[in-house]
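Peer 1: Here it is, the structure, as structure tokens.
The values are calculated or read from the model by the stated rules, or taken from the named source; none is laboratory data. Quantities reported herein were computed from a predicted structural model and do not represent experimental measurements. With ideal geometry, Cβ positions are generated from the backbone for all residues, glycine too; neighbour counts draw on all protein chains shown. The accessibility values were calculated without ligands, DNA or RNA, using every heavy atom of the protein model including side chains. Shrake-Rupley method; radii C 1.70, N 1.55, O 1.52, S 1.80 Å.
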There are 2 protein chains.
Amino acid sequence: MKSIPGGTITSPGGFVAGATDAGLKTRGGLDLGLLYSEAPCVAAGLFTINRIKAAPVLLCQEHIASRKAQAIVVNAGCANACTGEQGLEDAAEMASLAAKRLGLSPADVLVASTGVIGIRLPMELIGAGLEKVALSKEGGHQLAQAITTTDTLTKEIALSLDVGGKESIIAGIAKGAGMIHPDLATMLSFLATDAAIDAHFLEQAFRKAVNLSFNMLTIDGETSPNDMVVILASGVAGNEMIEEGSADADAFQAALTEVCIYLVKSIARDGEGATRLIEVAVEGALSAADARVAARTIAGSPLVKAAIHGSDPNWGRIVAALGRSGAEIESSMIDLFLNNICLMKGGSPHPFDENEVREAMGSDEVPIKVCLNLGSFSATAWGCDLSEEYVTINSAYTT
Amino acid sequence: MKSIPGGTITSPGGFVAGATDAGLKTRGGLDLGLLYSEAPCVAAGLFTINRIKAAPVLLCQEHIASRKAQAIVVNAGCANACTGEQGLEDAAEMASLAAKRLGLSPADVLVASTGVIGIRLPMELIGAGLEKVALSKEGGHQLAQAITTTDTLTKEIALSLDVGGKESIIAGIAKGAGMIHPDLATMLSFLATDAAIDAHFLEQAFRKAVNLSFNMLTIDGETSPNDMVVILASGVAGNEMIEEGSADADAFQAALTEVCIYLVKSIARDGEGATRLIEVAVEGALSAADARVAARTIAGSPLVKAAIHGSDPNWGRIVAALGRSGAEIESSMIDLFLNNICLMKGGSPHPFDENEVREAMGSDEVPIKVCLNLGSFSATAWGCDLSEEYVTINSAYTT
């Protein structure tokens, strides 16, 4: 498995993409895009668990039930959420317009939207914009741009792996920034692969990868009504079909998980107002659920996030977050490390050089490790620091 | 029932208090205090559900099991949390020192601490400080000062009520500011009354009042290891014992709940960096649990809080928080009001004058009302806006 320099969602065989400035974002820029596979694809998707589901999410859940799809149409600037019946009609119309443009049936098109909640999709702009989108092998980069909102960077990756002697590529793009918390899929992310793969196995493998990545990401504890992670597999790599138990299943799973974790770390690093990536590893938990909830709670704690923003080795906040997480703990057993420096040992303060820790905390990535010393389960979660800028972004503008 | 102007924790008969600057807070000021009842009291307390419990919490739980107490000793500046066996010894020693000073048994003394986690209580300063505390009927104001940390205001109230022809007073003080979320008692708060009251009824009534007040308060989703709410009842009012079903039980319950809600609103208004009180009322829920979780989730949403800070009528964020709360909802049934102006009706956007809403949102209190229109249960939660100042407070200093 190796990384493809400059790789993106159109790196796998058979995929083209493109985007345009349809006038949907108030700040301008690319905001409407298409991903198209020349071959029919098997597809899997995971969607927000927010009970308020945006119209495009409801439509996608319907369209993906067949485990097939051939295109994704996506816009930024308007979430088409909380828009009632009108919103559902608009999402269906958006699928139809894209299908017409691509010569597909609307049922083969997935629809995604991101942006402000509670305003109607400007369908004339969508229609006119779709006419302008030019599809190409390089268009993946444009698509990655078009789905961003308050993101400052695009999130793109492509990995190549050998499947039974054939080269196959798994690639993905994502948008992140805010309203992100680990309740199922938690933002927009699209993945593509040219591997020939059994639809049922793809779904399983995808769920597993998302569980170890997107579901362990928190920016601010919010879950948007528009979240989705979708993968399309075109099969044009010509490999022998990957199925459960087949020789390449594990390698595919590993590459898929790596793509997801890369995207998640990119999202965390570029969280609204973020200056640092926080990686929280919890070890020695009594159960996987305990390890996961503990890691996620610490990564999501506003006081921990603010302390890390200030390079403040205020480890009591980490322990307080752990304590309220609900995970089984024995306070006298806990060891805690910040940037690999021990701050707490067996539940009591451990002497440390404050300046050394402050300096270590100044780096781009701040690793926190908590050893519960009770069992054998572990989990890793990702998040970012909390800065004044997060508040400014979210109070000064309607985002 | 009427409010006593300038009333505080020492307004009820039989209580005296005092505080001193023992040198525990880095910024100086009163930081060590005593509340003392001349008569033995029945007592009830509710404590943090954080699995990391500070030493004073563990000690209080032991001492209050008898449903009796006669004094509270409290310090700010050091939480005595995550301090291992040494911390437990220090908390016990603090109770003993206070008991000796007051001529009580240590078991009659409750201990509370608030401040930085993970450092040892400076016992010499505590010992020397306790010698200096002068107790008086006016000392309640000093005690209210001594328990503050990042609070900008003290929180004090006293209500007078008639119980069977006798005047009785219920009073309380609290500290708030940060690390506050509705998991049982969620900060330090002490209440006192001179009513003669059955210990079992007091416990019940107190739990009910806390459930409608402290457990509906969120500042930042954090639950500290030191949280406690305690009430002492001296009985010196000379009323006929209040018990379950007795004539004055409802009046006492109502006054107790009002004292708690007043303290909670004071804490929310003075949350770290807060400029506004947010009051979230959820109506028409299918169950009380649904109404409570929905109200609390909205009040705690960082995006809702940031929008309110910016007077931004971005109601989609309120609905998104509602959707992820877990409460049963029917999206097409939801009505939403901000400052009594309808923004969403039957799940769809409702036209409104943005300038009118922005102006209304500029006031000190921002009421949000969500009607689920599914059932008959309702709940109210309190919180505050999220400002850049919250991040500054929590990243620039070890608090």
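Peer 1: Once chain A is represented by equal point scatterers at the alpha-carbon sites, with solvent omitted, what log10 I(q)/I(0) does the Debye formula produce at q = 0.08, 0.14, 0.15 Å⁻¹?
Peer 2: Evaluating at q = 0.08, 0.14, 0.15 Å⁻¹ gives log10 I(q)/I(0) of -0.42, -1.16, -1.27.
Peer 1: Restricting attention to the alpha-carbon atoms of the protein assembly as shown, what are Rg (one decimal) and Dmax (integer), both in Å?
Peer 2: In Å, with Rg to one decimal and Dmax whole: 28.5, 93.
Peer 1: Given a cut-off of under 8 Å on Cα pairs at least six residues apart, what relative contact order in percent is computed for segment B:246-373?
Peer 2: Relative contact order comes out at 29 percent.
Peer 1: Further question on the same structure: Determine the shielding of peptide A:115-124 by partner chains: average, over its residues, the number of Cβ atoms on other chains within 10 angstrom of each Cβ.
Peer 2: 3
Peer 1: Can I ask one more? Label position 7 Å from Cα toward Cβ: report the copy-to-copy distances for residue B:356 in nm, one decimal, ordered from shortest.
Peer 2: 6.4
Peer 1: Residue by residue through segment B:155-164, what is 3J(HN,Hα) from phi via Karplus (6.51 cos²θ - 1.76 cosθ + 1.60, θ = phi - 60°)? Round to whole Hz and write x for glycine and proline.
Peer 2: Residue by residue, segment B:155-164 yields 10, 9, 7, 9, 10, 10, 9, 8, 10, x Hz.
Peer 1: Calculate how steeply helix A:84-102 sits against the longest principal axis of the alpha-carbon atoms of chain A, using the helix alpha-carbon long axis, and give the answer as 0 to 90 degrees to the nearest 10.
Peer 2: 60
Peer 1: From other protein chains only, count the Cβ atoms within 10 Å of every residue's Cβ in A:29-38, then give the mean.
Peer 2: Mean shielding by partner chains, rounded to a whole number: 0.
Peer 1: At 0.36 nm per residue, minus the direct Cα-Cα distance, what do residue B:89 and residue B:128 gain on full extension? Give it in nm, one decimal, please.
Peer 2: 12.3 nm
Peer 1: Could I ask something else about it? Evaluate the relative contact order of chain A (contact order divided by residue number), counting alpha-carbon pairs under 8 angstrom at least 6 apart; express in whole percent.
Peer 2: 18
Peer 1: If you take every residue apart from residue A:16 with its C-beta less than 13 Å away from the C-beta of residue A:16, what net charge results, scoring Lys and Arg +1 and Asp and Glu -1?
Peer 2: My count for the surroundings of residue A:16 gives -1.
Peer 1: Determine which lysines satisfy two conditions relative to residue A:132: a Cα distance under 16 Å, and not lying fewer than 8 residues away in the same chain.
Peer 2: Here the lysines satisfying the reach criterion relative to residue A:132 are A:100.
Peer 1: Within 10 Å of each Cβ in peptide B:295-301, how many partner chain Cβ atoms are there on average? Round it to a whole number, please.
Peer 2: 1
Peer 1: Could you tell me the total accessible area buried at the B-A interface, probe 1.4 Å, in square angstrom to the nearest hundred?
Peer 2: 4100
Peer 1: Using +1 on the beta carbon of Lys and Arg, -1 on that of Asp and Glu, and nothing else charged, what's the dipole of segment B:28-135 about the Cα centre, debye to 20?
Peer 2: Charge dipole of segment B:28-135: 260 debye, to the nearest 20.
Peer 1: Which residue of chain A is nearest the rotation axis onto chain B, counting by its Cβ, and what is the distance in whole Å?
Peer 2: With distances in whole Å, chain A gives A:388, 2.
Peer 1: Show me B:67-77, B:197-207 ranked by packing, highest mean number of other Cβ atoms within 10 Å first.
Peer 2: Highest to lowest by the protection proxy: B:67-77, B:197-207.
Peer 1: Of the peptides B:276-287, B:83-94, how do they stack up when ordered by the mean number of other Cβ atoms within 10 Å, highest first?
Peer 2: Listed from highest to lowest mean packing, they are B:276-287, B:83-94.
Peer 1: Given a 1.4 angstrom probe, I'd like the percentage of the accessible area of chain A that is carbon and sulfur, rounded to a whole number.
Peer 2: Carbon and sulfur together cover 50 percent of it.
Peer 1: With 28 Å as the limit, write out which pairs from B:137/B:166; A:155/A:208; B:68/B:166; B:53/B:369; B:2/B:305 have Cα-Cα distances beyond it, or answer none.
Peer 2: B:53/B:369; B:2/B:305
Peer 1: How big is the dipole moment of the protein assembly as shown about its Cα centre under a simple scheme where the beta carbon of each Lys and Arg is +1, that of each Asp and Glu is -1, and everything else is neutral? Debye, nearest 20, please.
Peer 2: 60
Peer 1: What percentage of all Cα-Cα pairs in segment A:1-158 are separated by more than 24 Å?
Peer 2: 29
Peer 1: Residue by residue through segment B:114-127, what is 3J(HN,Hα) from phi via Karplus (6.51 cos²θ - 1.76 cosθ + 1.60, θ = phi - 60°)? Round to whole Hz and write x for glycine and proline.
Peer 2: 8, x, 6, 8, x, 10, 6, 5, x, 5, 5, 5, 4, x
Peer 1: Using a 1.4 angstrom probe and counting only protein chains, how large is the accessible area of residue A:390 in Å², to 10?
Peer 2: 10
Peer 1: Near residue B:270, within a Cβ-to-Cβ distance under 10 Å, what is the net charge of the other residues, with Lys and Arg +1 and Asp and Glu -1?
Peer 2: +2
Peer 1: Taking the label point as lying 7 angstrom from Cα along the Cα-to-Cβ axis, what are the distances from residue B:373 to the corresponding position in the remaining copies, in ascending order and in nanometres?
Peer 2: So the distances to the same position in the other copies read 5.8 nm.
Peer 1: Taking the Cα centre as origin and putting +1 on Lys and Arg beta-carbons and -1 on Asp and Glu beta-carbons, what dipole magnitude results for chain A, to the nearest 20 debye?
Peer 2: It comes to approximately 440 debye.
Peer 1: At residue B:354 and residue A:167, where each label point lies 7 Å from the Cα along Cα→Cβ, what is the point-to-point distance in nanometres?
Peer 2: 5.0
Peer 1: Let me ask another. Highest mean first, what order results for A:51-61, B:291-301 on Cβ atoms within 10 Å?
Peer 2: With the highest mean Cβ count within 10 Å placed first, the list reads B:291-301, A:51-61.
Peer 1: May I pose another question? I need the inter-copy label distances for residue A:5: point set 7 Å along Cα to C-beta, values in nm with one decimal, smallest first.
Peer 2: Ordered by distance, the counterparts are at 7.9 nm.
Peer 1: At 1.4 Å probe size, what's the solvent-accessible area of residue B:345? Round to the nearest 10 Å².
Peer 2: 110
Peer 1: Separate question: Could you work out Rg/(2.2 N^0.38 Å) for segment A:261-372, with Rg from alpha carbons only?
Peer 2: Compared with the compact-globule rule of thumb, segment A:261-372 sits at 1.01.
Peer 1: Report relative contact order for segment A:1-140 in percent, whole number only (criteria: Cα-Cα under 8 Å, sequence separation at least 6).
Peer 2: After rounding, I find 33 percent.
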